[in-house]
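Worksheet: one structure, shown below.
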Amino acid sequence: MSNSFRLKSGTALMLALGLTAGAFSPVISAAPVIAQTQTQTQFADVPAGHWAAQFITSLAGRGVIAGFPDGTFRPDEPVTRAQYAAMVRGAFSQSSVRGATSFVDVPPNYWAAAAIREADMMGFLSGYPGNIFQPDQNIPRAQVLVSLANGLNYTASSQASLGVYRDAASIPDYAVASLAAATERRLVVNYPDVQVLRPNQTATRADVAAFIYQALASQNQVATVNSPYIVGQQRLAQASLPAGTTLTMNYADSDKIVVLPDETAALTLTVSQAITDSAGRVLVPAGSQVVGELRPSGSGSQFVAQQLVLTGGQSLAINATSQTVTTTETIRQGAGFGQTLAGAILGSGAAAAIARTTGDQNVGTLEVLAGTATGATLARIFGRNQVEVITINPSQDLTLTVNETLLLSAR
């Protein structure tokens, strides 16, 4: 019967397939695999030094915006009202504040009809007199910022913040209050001159990406970006994640991980609850990832963190560990995977040992983590009619404790 493991890496493939086939050869421990659920998309025309690179790549990774088939983003191209509506729908999930409007110039089969309807119902966009939307009209920068401030229900304490703009006199009357709110909330990003708003200029794709990102940051949905072009942003305060801080984690792929007692396996966990300081500043956003590996610890297994990857893409070395997990389970000869391990994620050593012990190679529903088990362990367990494994419940067993203070930027 053919083996149908769904494998996380080539290392796991060599170990699991090589051992279950009966040909044992030790596998040298590989470097930890660094993986991110949130893809950091890179575009050919948005190099790392581009003023909007952090905004664009992060939103593209979240699926809010997209590039073109040729691998470009075209950051300087204009954005239409329909295109903007599609971006808003991808970025926000606000409750509806009004009923749907039937715009006379947006037929039901128009490519952005659903996005326009939802952006209107959420309060981000509205039409012109006569139920006209003008979907193909280029959208001005002021209109984008007014849309975001209104859709998020932001109001300004005063209009004094508009004094930062040298061209404040060109702000349309309808936009004054909302632009003051947008400025106070640091939604405004002005390139190349932070003091020039250009409210009536058509918004570019880069402009809209920056504005939407800042709106998400104002809601603590993404990590704060330190850019000299964000209006009103002072230097980010240096904050720290003190030793002893606990991080609540989850592992989306499964609620059970199975490894051998002395197996090492690469693993990436997700922060399930944001960490804030006493002032309410977000230090570690929910959705950030911790990259590390499960390692033998005494008679059990312990997760050892190596890198903290924030939602905006920033990566920091971190010293944090879980408790040692000693929960065991005995797998006996003749048992089937489906009887005891349905839906589990297996370490590659555990997968090989269990398959050999049970004789069950039909494991197409299981995944195998990249990792290694020592040759001595595998030689010792092969030939037996049972194998003892460590079983881990990630949400309960893998809460992390920070062992060494970590410096962060916070807002």
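The values are calculated or read from the model by the stated rules, or taken from the named source; none is laboratory data. What you see is a predicted model; the values in this text were computed from it and never measured. Cβ atoms come from the backbone with ideal geometry, glycine included; neighbour counts cover every protein chain shown.
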> Hey, any hits in the range 288-310 for a residue that's of a type in the set (A, V, I, L, M), outside the structural domain of Thr405 (by TED's automatic domain parsing), farther than 21 Å from Arg186 by Cβ and at pLDDT below 90?
Replying inline: no
>> Please pick out the residue among Thr391, Thr372 that is crowded, with 18+ Cβ neighbours inside 10 Å, modelled with pLDDT of 85 or more, of a type outside the set (A, V, I, L, M, F, W, C) and not in a helix (DSSP H, G or I).
In response: Thr391
>> Quick check on the range 139-149. Is at least one of its residues out of contact with any strand residue (DSSP E or B) (no Cβ under 6 Å at 6 or more places or on another chain), modelled with pLDDT of 95 or more and in a loop (DSSP other than H, G, I, E, B)?
In response: yes
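Give Val225, Val231 a once-over and let me know the one that is closer than 21 Å to Leu407 by Cα and either in the same structural domain as Val325 (by TED's automatic domain parsing) or not polar (S, T, N, Q) (or both).
Details: Val231 fails: closer than 21 Å to Leu407 by Cα.
After ruling out the rest, the residue left standing is Val225.
For every residue, the table says whether it meets (1) assigned by TED's automatic domain parsing to the domain that holds Arg205; (2) buried (at least 22 other Cβ atoms within 10 Å of the Cβ); (3) within 32 Å of the chain's Cα centre (by Cα); (4) modelled with pLDDT of 95 or more.
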| position | (1), (2), (3), (4) |
| --- | --- |
| Gly71 | yes, no, yes, no |
| Arg89 | yes, no, yes, no |
| Phe92 | yes, no, yes, no |
| Ser95 | yes, no, yes, no |
| Ala100 | yes, no, yes, no |
| Tyr110 | yes, no, yes, yes |
| Phe124 | yes, yes, yes, yes |
| Ala160 | yes, no, no, no |
| Val164 | yes, no, no, no |
> Which condition number does Asp207 fail, the rest of (1) in contact with a strand residue (DSSP E or B) (Cβ under 9 Å, 6 or more places away or on another chain); (2) more than 24 Å from Ser58 (Cα to Cα); (3) of a type in the set (D, E, K, R) being met?
Replying inline: (2)
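Tell me which residues, restricted to the range 166-185, are assigned to a helix (DSSP H, G or I) and surrounded by fewer than 16 Cβ atoms within 10 Å (Cβ to Cβ). Break it down stepwise before answering.
From the range 166-185, those assigned to a helix (DSSP H, G or I) are 168-170, 173-184; that's our starting set.
Residues satisfying the conditions are Ala169, Ser170, Asp173, Tyr174.
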> Looking at (1) under 26 Å from the mean Cα position of the chain (by Cα); (2) modelled with pLDDT under 75; (3) under 18 Å from Lys256 (Cα atoms), which is the one condition that is false for Leu341?
Replying inline: (1)
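Residue by residue, here is whether (1) surrounded by 16 or more Cβ atoms within 10 Å (Cβ to Cβ); (2) at pLDDT 95 or above; (3) assigned to a strand (DSSP E or B) holds:
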| residue | (1), (2), (3) |
| --- | --- |
| Asn200 | no, yes, no |
| Ala209 | yes, yes, no |
| Val222 | yes, no, no |
| Ser227 | yes, no, no |
| Ala239 | yes, no, yes |
| Ala252 | no, no, no |
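Suppose the filter is among the β-branched types (Val, Ile, Thr), crowded, with 22+ Cβ neighbours inside 10 Å and either modelled with pLDDT of 95 or more or in contact with a Ser or Thr (Cβ under 8 Å, 6 or more places away or on another chain) (or both); does Val189 pass it?
Values: among the β-branched types (Val, Ile, Thr): yes; crowded, with 22+ Cβ neighbours inside 10 Å: yes; either modelled with pLDDT of 95 or more or in contact with a Ser or Thr (Cβ under 8 Å, 6 or more places away or on another chain) (or both): yes.
Considered against the rule, which asks whether it is among the β-branched types (Val, Ile, Thr), crowded, with 22+ Cβ neighbours inside 10 Å and either modelled with pLDDT of 95 or more or in contact with a Ser or Thr (Cβ under 8 Å, 6 or more places away or on another chain) (or both), Val189 comes out as yes.
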>> Quick check on my filter: what residues within the range 153-170 are touching a helix residue (DSSP H, G or I) at 6+ places or on another chain (Cβ under 6 Å) and either under 22 Å from Phe55 (Cα atoms) or not polar (S, T, N, Q) (or both)?
In response: Tyr154, Ala156, Leu162, Ala168
> Can Thr270 be described as in the same structural domain as Ile345 (by TED's automatic domain parsing) and buried (at least 17 other Cβ atoms within 10 Å of the Cβ)?
Replying inline: yes
>> Could you tell me how many of the residues in the range 132-158 are surrounded by 13 or more Cβ atoms within 10 Å (Cβ to Cβ) and farther than 12 Å from Ser178 by Cβ?
In response: 9
